[in-house]
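Structure, as structure tokens:
The values are calculated or read from the model by the stated rules, or taken from the named source; none is laboratory data. This is a predicted model, so every value here is computed, not measured. No Cβ is skipped: glycine too gets one built from the backbone with ideal geometry, and neighbour counts run over all protein chains shown. Surface accessibility is based on the protein's heavy atoms, side chains included, excluding ligands, DNA and RNA. Shrake-Rupley method; radii C 1.70, N 1.55, O 1.52, S 1.80 Å.
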Amino acid sequence: RLTIPVIAMSMACGGGSRGEADGLTELDSVETAPYDTSGGECETPTDVGVLAERVPSLGWPDLEWEDPHPGGWETIDVTTAGVEPSSGDIAMPLHELIDGLTGPTILELPAGTYELHSAIDMAPDLIIRGAGPDATHIELVDTVQAFSWTGTGGQWSWSWIDEEYQPRTVLGDVPIGGDTITLDSTVDLEVGDIVMVAETLDNPSFPSAALARGGIFSLTGVTADTVTLDLPLMIGLHAVNGHGDESVVAKVQPIANGGVEHLHIASPTLTGYGYDGVMDMYMADNIFIRNVVSTWSFGADVIISNSRRVLVTDCFFDRTQG
């Protein structure tokens with residue numbers, strides 16, 4: 001049984017941009033811990049370490065998902081909108097239902113078996129809720145993905161995205177524990193914006209892993225030439241790497257608030273390997289995966305990258321293939 005109290009890191013080494021949950025609980029064990037270089041994409045600047053004060057002496061608390069709309073969620077039984085169990089592929093009618101939502105919504109899938117032939121693109125302020133993993137079953141047909149959260153911005157979209165999401169050059173190093181970054185421009189940045197902080201690796205094994213060190217943060221302060229992050233930089237930040245590549249900060253717009261709970265997802269008919277997760281997050285914020293059973297998946301049950309405040313708890317992942 002897999003229970004992960006919280007995954008808050010987004011861009012981490014060892015897997016390009018895939019985050020991992022740490023098992024560190026003892027204060028002394030991390031006070032001067034070196035950055036792990038065994039994963040292939042990690043590199044070790046001379047000043048890297050982990051902030052001891054960021055690790056509670058009694059371990060991480062049992063964190064809860066932050067409800068941004070207490071008492072303000074509308075609940076819809078999807079069968080009242082034509083999304084029926086045992087009726088074939090529900091992807092299109094479910095997408096049509098989601099596209100018509102106007103506020104925070106919980107979509108309930110009553111007991112039964114539902115087929116998905118393509119992934120459901122999740123929207124902000126959306127919860128998908130089943131009647132329990134033993135009652136609501138989702139079978140994946142010709143797809144390895146069930147639910148996908150994909151926000152706006154990030155390195156993959158800089159070639160075409162609007163100006164406000166373009167990277168801004170970091171002008172000075174930031175020490176371990178620092179939270180203020182000097183930029184070449186802070187135009188259009190405001191307190192509350194979500195940004196990606198990214199340092200280019202000296203020797204990435206492939207181009208898409210180049211900006212694999214950094215994280216996703218909320219801005220708590222903005223001046224004419226600096227931004228302040230809501231959390232300290234646990235590994236610091238170099239303005240320029242060993243090859244002269246500049247670090248950057250870029251505004252992003254995550255898919256925020258919501259999650260998936262109380263259902264069973266299975267891929268019993270597929271063969272091969274998928275590079276997507278059954279539940280896949282790129283630019284997501286304040287999302288939970290709760291009481292979900294995932295079986296016969298390909299590649300990964302949950303993939304989290306370039307995201308923040310993601311909670312995965314009380315789940316069971318079994319018989320992953322590939």
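For residues that are surrounded by fewer than 18 Cβ atoms within 10 Å (Cβ to Cβ) and either among the polar types (S, T, N, Q) or under 23 Å from ALA256 (Cα atoms) (or both), tally how many sit in the range 130-142. Of the residues in that region, 0 qualify. Within the range 293-321, the set of residues being out of contact with any Pro (no Cβ under 7 Å at 6 or more places or on another chain) and of a type in the set (A, V, I, L, M, F, W, C) comprises PHE298, ALA300, VAL302, ILE303, ILE304, VAL310, LEU311, VAL312, CYS315, PHE316, PHE317. Among what's in the range 160-179 and is assigned to a loop (DSSP other than H, G, I, E, B) and without any contact (Cβ under 8 Å) to a residue 40 or more places away in the chain, pick the residue that is surrounded by the fewest Cβ atoms within 10 Å (Cβ to Cβ). Among them, the one singled out is TRP160.
Residue count for the range 246-270 under the criterion of being in a loop (DSSP other than H, G, I, E, B) and at pLDDT 90 or above: the result is 2. Would you say LEU201 is in contact (Cβ under 8 Å) with a residue 24 or more places away in the chain, assigned to a loop (DSSP other than H, G, I, E, B) and surrounded by 22 or more Cβ atoms within 10 Å (Cβ to Cβ)? It is false that LEU201 is in contact (Cβ under 8 Å) with a residue 24 or more places away in the chain, assigned to a loop (DSSP other than H, G, I, E, B) and surrounded by 22 or more Cβ atoms within 10 Å (Cβ to Cβ). Screening the candidates VAL174, VAL197 for the property of being β-branched (Val, Ile, Thr) and farther than 16 Å from GLY153 by Cβ yields one hit, VAL174.
Can you find, within the range 293-322, the residue that is nearest to the chain's Cα centre (by Cα) among those that are part of a strand (DSSP E or B), surrounded by fewer than 21 Cβ atoms within 10 Å (Cβ to Cβ) and of a type outside the set (A, V, I, L, M, F, W, C)? That would be THR313. The numbered conditions (1) surrounded by 13 or more Cβ atoms within 10 Å (Cβ to Cβ); (2) more than 21 Å from ALA284 (Cβ to Cβ) are all true for ALA224 except (1).
Please verify whether SER148 is surrounded by 18 or more Cβ atoms within 10 Å (Cβ to Cβ), hydroxyl-bearing (Ser, Thr, Tyr), within 30 Å of ALA209 (Cα to Cα) and in contact (Cβ under 8 Å) with a residue 24 or more places away in the chain, treating the condition exactly as stated. Yes.
Here is a yes/no grid of residues against (1) under 25 Å from VAL312 (Cα atoms); (2) open to solvent by less than 20 Å² (accessible area, probe 1.4 Å):
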| site | (1), (2) |
| --- | --- |
| ILE181 | no, yes |
| THR186 | no, yes |
| GLU190 | no, no |
| PRO207 | no, no |
| THR220 | no, no |
| GLY242 | no, no |
| VAL249 | no, yes |
| GLY259 | yes, yes |
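Of all residues in the range 124-159, those being outside any strand (DSSP E or B) and over 20 Å from LYS251 (Cβ atoms) number 12.
Return yes or no: is LEU211 part of a loop (DSSP other than H, G, I, E, B) and buried (at least 18 other Cβ atoms within 10 Å of the Cβ)? Yes; evaluated as a whole, the condition is true for this residue. Within the range 79-110, restricting attention to residues that are part of a loop (DSSP other than H, G, I, E, B) and open to solvent by 60 Å² or more (accessible area, probe 1.4 Å), the residue that is nearest to ILE287 (Cα to Cα) is THR102. Among the residues of this structure, GLY274 counts as one that is open to solvent by less than 20 Å² (accessible area, probe 1.4 Å), out of contact with any Asp or Glu (no Cβ under 8 Å at 6 or more places or on another chain) and either at pLDDT below 95 or outside any strand (DSSP E or B) (or both). Among residues of the range 66-79 that are more than 28 Å from ALA91 (Cβ to Cβ), those with a beta-carbon under 9 Å from a residue that is open to solvent by 70 Å² or more (accessible area, probe 1.4 Å) and in a strand (DSSP E or B) at least six positions away or on a different chain give the pairs GLU66/ARG309. Annotation: of all residues in the range 111-129 being without any contact (Cβ under 8 Å) to a residue 60 or more places away in the chain and acidic (Asp, Glu), the one that is most open to solvent (accessible area, probe 1.4 Å) is ASP121.
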